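The values are calculated or read from the model by the stated rules, or taken from the named source; none is laboratory data. Keep in mind that this is a model prediction, so the values were computed, not measured. When we count neighbours, we look across all protein chains shown, and the Cβ atoms used for this are built from the backbone with ideal geometry, even at glycine. The protein model used for the area step is the full one, side chains on, heavy atoms only, and it has no ligands, DNA or RNA in it. Shrake-Rupley method; radii C 1.70, N 1.55, O 1.52, S 1.80 Å.
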Amino acid sequence: MSAITAPLRRTRPALERPGDRHLRVVEEPTPRHTLAYAIVMILVFAVAVFGAVSLNALAAGASVEARALDAHVTEAERVYAQLIADVAALEDPARVRAAALELGMVPPGPVRHLSLERNLPADGAVPDTRTPDAAADPLKPLLSAER
Amino acid sequence: MRRRPSVPRPARGTPVLRTGEQVAVRRIRWTLAIFAVLVLATTAKLVEIQVLDAADLAAVSERQRARTIELPATRGRIYDRDGDVLATSVQAATVYADPRAFRATETPDGLEVPAAAVAADVAAALAPILPQDAATLTERLEQDRHFVYLARQVPHEVGEEVRALGLPGIGVLVEPQRLYPAGPLAGQVVGFTDIDAEGLQGLESVYDTVLSGTPGTLLLERAPGGLDIASGVRELSPPEPGTDVVLSLDRDVQYVAELAAADALERFDAVGASIVVTEVGTGDILAMASSPGFDPNDRGDEDPSDRRNRAVTDVFEPGSTQKALTIAAAIEEGVVSPSTTRSVADSIRISGSTFTDSASHPTAQWTVTEIMERSSNVGTIEIAQELGPERLDAYLRSFGYGRPTALGFPGESGGLLRHHEDWWGTSLPTIAIGHGVAVSLLQLAQSYSTIANDGVALPPRLVRGTVGEDGRLTPVPSPAGERVISTTTAAAVRAMLEEAVHGERGTGGLAQVDSYRVAGKTGTARKPAEGGRGYSNDYIATFVGMAPADDPRVVVAVMIDEPRPIFGGLTAAPVFSEVMQAALVALRVPPEGAGDDLDSALQLAAEHAARIASAEVAAADAAARAVIEGGPGLVDGGEDSDPSEQAAGDADPP
């Protein structure tokens, strides 16, 4: 019987352990207020988001208001321009003449100018503050409602 | 930092046992590497976006978001001398359509997109609002285009009504529209613009750059859906409105002048009439009327020739109105004086041609004043012969003949006056009496304004100034005057012209104005034949004059084309009187003599009212009788027997 030697089995090398590891006292970590911190952060974030949205909304609102005002101004300018055109059309001499004729008016007679018996305030005369006298004031009959 | 103890490397082929720390380090390294790659890739992309392609991407972004709207500038207004509006702009509405909305289309993927609406239904909804029938609208809506106008520059209210319907494919734009509130008043002077507010004719064309202003822009940001982003960029570059232009025209005088021109056209069966009114001392044109006229608000049907400003574009031979200038030159040169007496026959033969006076008369001793008063051709020719062609030519050019005025009006004619070196034998006598020379009515008025202005020629002025955004009038520089004749000569000629109106033998009696002294001259000239050789049998009647004669404030020139009767003294003179009266009132020129007291003024007013009332009663009676008797319209017959026409018909021809 021959003896066959079995191959030498390798032995697993022993795991090296760090020789300088020592046990130490693990201190209980200082309790952190994680929840409060998270809430604060969420609040800050929420406020920031709310602020940004609010500012944006305010800006949008102001912009819309500005556009509305612009529209008002544009409309007012349009009406103003239209009124100017309307007034000018109403002042058209041909229209005025036609309206006057329709009302029974007639073309004026020859041009004459008046020599008044006394000056009017517009001519530099001192206004007469006395009680007007129909006899003394030649214009009164003309201005009177009785005529 | 404490150094980590080294781990002996195992021999090759020897299985390596890693500690947990080593595994962790390895994983971290891989993570870092991957992270680094990601960071590098991101950074590279950022560099590409933010640096390399930044400009292109920004441009693409701007194209997607930005929307630039052109804001049209408000065109400036045109005012008369008192600030009355002759031309202005209003906001009108323009209705357009996108015909794609009325036909089914396909997407690039082949999906069918149905039409948003039926064209006929939309047209039926719009037809009662827009000034078009439904068939025409339907035809437009079915065109193979992206944009069609349905109605341009309709009233703003119409646009609002269309907008309120909310029809698909239909839009409304705001567009400025040019309006002329007084219609045809001063139409040929003011001119008009096209539908895009660009000046085409008249002062609208001359002052187009001043009136039009500068358009502005509005830059907006819009969302992908097309809506404007309210809080986005909004850059406004406001438009600069056009500058307003203030004319020298007086609206009331212009109206009276146009009325008189139109009336003359009808009364004298003429083909045209023009009137120019100028203010002495300033050169301001108070009125420039031509008939037939047109309404710039309603163009299209009228004869295009009615749009021209005949007072500056048409030239004619001035006829006897020229004699005042010939005699003024002779007096200024010392050839004659107003009292110089001459033996005047009724005909004179020069270079084979015979020139005669309008009426035969025996040879008589007439002063220069009488020659003017009688409008003697022979007497004037004799004076011109002494003056000579060089001096006559020079004076006529000094009076403004032969060149356009400084007005710069489109189409203005400079008239026709040959240089004296090109004159032939009959030119001097012909030109001396206003033939063989052509002027515009404005040139004729300018020459008489020189006489009225004590011999100083002022260029006519149609624009007083401009009004900017500050609302203040910036006057145009006052034109410099140029002396043509002396004050003494001008006064002498005015006195002679006064005799031509108020003298016993004056030809311009119908030009008299109640309560004012008038100086003026009639003119009757044959029109050249159409072929350009010889004369036709048609006439031009003119009258030019000034008032008050001793200190003129206004010059009025009247030209009537082919009137019946032909004489200026019968046709142009009464028109002159009517217009001059209105101009003197408008300028508040006091009548001559002492004023009336109140009682006599009231008495006169009452008498005037009574006359008119009785005339109205008579007319009403006549009309009533005609109705009762069932006869022909006696009212028409009454109008035909207008006393003024009878007076004109009875007057002696000049």
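Which of the trypsin sites (Lys or Arg not before Pro) found in the stretch B:441-533 are loop residues per DSSP with 14 or fewer other Cβ atoms within 10 Å of their Cβ? Kindly include the intermediate steps, with their values, before the conclusion.
Working: sites: B:Arg461, B:Arg464, B:Arg472, B:Arg483, B:Arg494, B:Arg505, B:Arg517, B:Lys521, B:Arg526, B:Arg533; in loops: B:Arg472, B:Arg505, B:Arg517, B:Arg533.
Answer in residue order: B:Arg472, B:Arg505, B:Arg533.
Work out from phi, with θ = phi - 60° and the Karplus expression 6.51 cos²θ - 1.76 cosθ + 1.60, the ³J(HN,Hα) of each residue of the stretch B:85-92, listed in order in whole Hz, and give x for Gly and Pro.
6, 9, 8, 8, 10, 10, 8, 10
Can you compute the equivalent ellipsoid semi-axes for chain B, i.e. the square root of 5 times each eigenvalue of the Cα gyration tensor, sorted largest first and rounded to whole Å? Let's see the in-between values first.
On the way: eigenvalues 1256, 223, 107 Å².
Those come to 79, 33, 23 Å.
Run the accessible area of the protein assembly as shown with a 1.4 Å probe and give the carbon-and-sulfur part as a rounded percent.
Details: 25330 of 45520 Å².
Carbon and sulfur: 56 percent of the exposed surface of the protein assembly as shown.
When the solvent-accessible surface of protein heavy atoms is calculated with a 1.4 angstrom probe, in what order do B:Thr363, B:Thr278 fall, highest first? Mind dumping the intermediate values first?
Working: B:Thr363 90, B:Thr278 5 Å².
The most accessible residue leads, giving B:Thr363, B:Thr278.
Give me the one-decimal nm value for the distance between modelled label points at B:Val51 and B:Glu469, 7 Å along each residue's Cα-to-Cβ direction.
Label at B:Val51, label at B:Glu469, 4.5 nm between them.
Select from B:Gly213, B:Val39, B:Ala610 the residue farthest towards the positive end of the dipole of chain B; place +1 on Cβ of Lys and Arg, -1 on Cβ of Asp and Glu, and compute about the Cα centre.
In chain B, that residue is B:Val39.
In square angstrom, rounded to the nearest 10, how much accessible surface does B:His419 have for a 1.4 Å probe?
Result for B:His419: roughly 80 Å² accessible.
Go through B:Leu458, B:Pro591, B:Leu259 and say which Cα lies farthest out towards the positive end of the charge dipole of chain B; charges sit on Cβ, +1 for Lys and Arg, -1 for Asp and Glu.
Of the listed residues, the answer is B:Leu458.
Got a sec? What order do A:Ile84, B:Ile69 fall in by accessible area at 1.4 Å, biggest, i.e. largest, first?
Working: A:Ile84 30, B:Ile69 55 Å².
Per-residue accessible area, sorted high to low, gives B:Ile69, A:Ile84.
On the full set of protein chains, 1.4 Å probe, figure out the accessible area of B:Ile371 and give it in Å² to the nearest 10.
0
Where nothing but the Cβ of Lys and Arg (+1) and of Asp and Glu (-1) is charged, how large is the charge dipole of chain B around its Cα centre, in debye to the nearest 20? Spell out each step's value before the answer.
Details: 55 positive and 91 negative charges, 1183 e Å.
In debye, rounded to 20, chain B gives about 5680.
Which of the helices in chain B, when you take each full DSSP H run, stretch at least 27 Å along the axis at their Cα atoms and have an average Kyte-Doolittle score of 1.0 or higher? Walk me through the numbers on the way to the answer.
Numbers: long enough: B:20-47 (39 Å, 1.04); B:598-629 (46 Å, 0.60).
Span-like helices, by this rule, are B:20-47.
Highest first, please rank the peptides B:381-394, B:546-559 by the mean number of other Cβ atoms sitting within 10 Å of their residues. Don't skip to the end; give the middle numbers.
Numbers: B:381-394: 19.3, B:546-559: 26.0.
Descending mean neighbour count gives B:546-559, B:381-394.
Under a point-charge model restricted to the Cβ atoms of Lys and Arg (+1) and Asp and Glu (-1), what is the dipole moment magnitude of the stretch B:75-212 relative to its Cα centre, in debye to the nearest 20? Working shown, then result.
On the way: 10 positive and 21 negative charges, 48 e Å.
That gives a dipole near 220 debye.
For chain B, what does -39500 (n - 2.57) per DSSP helix run (n ≥ 4), summed and divided by total residues, give at 222 nm, in deg cm²/dmol to the nearest 500? Write out the running numbers ahead of the final one.
On the way: 21 runs with 235 residues, N = 654.
Helix-only estimate at 222 nm: -11000 deg cm²/dmol.
Scan chain B and report its longest stretch carrying no chymotrypsin sites (Phe, Trp or Tyr not before Pro) that are both in a DSSP loop and have at most 13 other Cβ atoms within 10 Å.
Details: sites that count: B:Phe147, B:Trp424.
Result, exposed sites excluded: B:148-423.
Enumerate by residue number the GluC sites (Glu not before Pro) in the stretch B:567-627 meeting two conditions: DSSP loop (anything except H, G, I, E, B), and at most 13 other Cβ atoms within 10 Å of the site's Cβ.
Details: sites: B:Glu578, B:Glu592, B:Glu607, B:Glu616; in loops: B:Glu592.
Sparse-neighbourhood loop GluC sites (Glu not before Pro): B:Glu592.
Return the loop-located trypsin sites (Lys or Arg not before Pro) in the stretch B:136-200 (DSSP other than H, G, I, E, B) with at most 12 other Cβ atoms within 10 Å of their own Cβ; answer none if there are none. Mind showing how you got there, number by number?
Details: sites: B:Arg140, B:Arg145, B:Arg152, B:Arg163, B:Arg178; in loops: B:Arg145.
Counting only loop positions with at most 12 other Cβ atoms within 10 Å, the trypsin sites (Lys or Arg not before Pro) in the stretch B:136-200 are B:Arg145.
Mind listing the long-range amide H neighbours of B:Leu200? Cut-off is under 5 Å, sequence gap 5 or more, other chains count too, H placed in the peptide plane at 1.01 Å from N.
B:Phe192, B:Thr193, B:Asp194, B:Ser205
Show which aspartates and glutamates lie in cross-link reach of B:Lys323 when reach means a straight Cα distance below 16 angstrom and same-chain residues fewer than eight apart are skipped.
Of all the aspartates and glutamates, those that pass the test against B:Lys323 - Cα under 16 Å, at least 8 places apart if same chain - are B:Glu332, B:Glu333, B:Asp357, B:Glu370, B:Glu373, B:Glu382, B:Glu386, B:Asp393, B:Glu498, B:Glu499.
Among B:Gly471, B:Ile485, B:Asn537, whose Cα sits farthest toward the positive end of the charge dipole of the stretch B:437-541 (+1 at Cβ of Lys/Arg, -1 at Cβ of Asp/Glu, about the Cα centre)?
B:Asn537
Show which aspartates and glutamates lie in cross-link reach of B:Lys527 when reach means a straight Cα distance below 14 angstrom and same-chain residues fewer than eight apart are skipped.
Partners within reach: B:Asp314, B:Glu317, B:Asp538, B:Asp561, B:Glu562.
About the Cα centre, and with charges only on the beta carbon of Lys, Arg (+1) and Asp, Glu (-1), how big is the dipole of the protein assembly as shown? Nearest 20 debye, please. The partial results should precede the final answer.
Numbers: 71 positive and 109 negative charges, 1703 e Å.
Here the protein assembly as shown has a charge dipole of around 8180 debye.
How would B:Lys527, B:Lys45 line up by accessible area, probe 1.4 Å, largest first?
Values: B:Lys527 45, B:Lys45 105 Å².
Descending accessible area places them as B:Lys45, B:Lys527.
Heads up, I need the accessible area for A:Met105: 1.4 angstrom probe, whole protein in place, Å², nearest 10.
110
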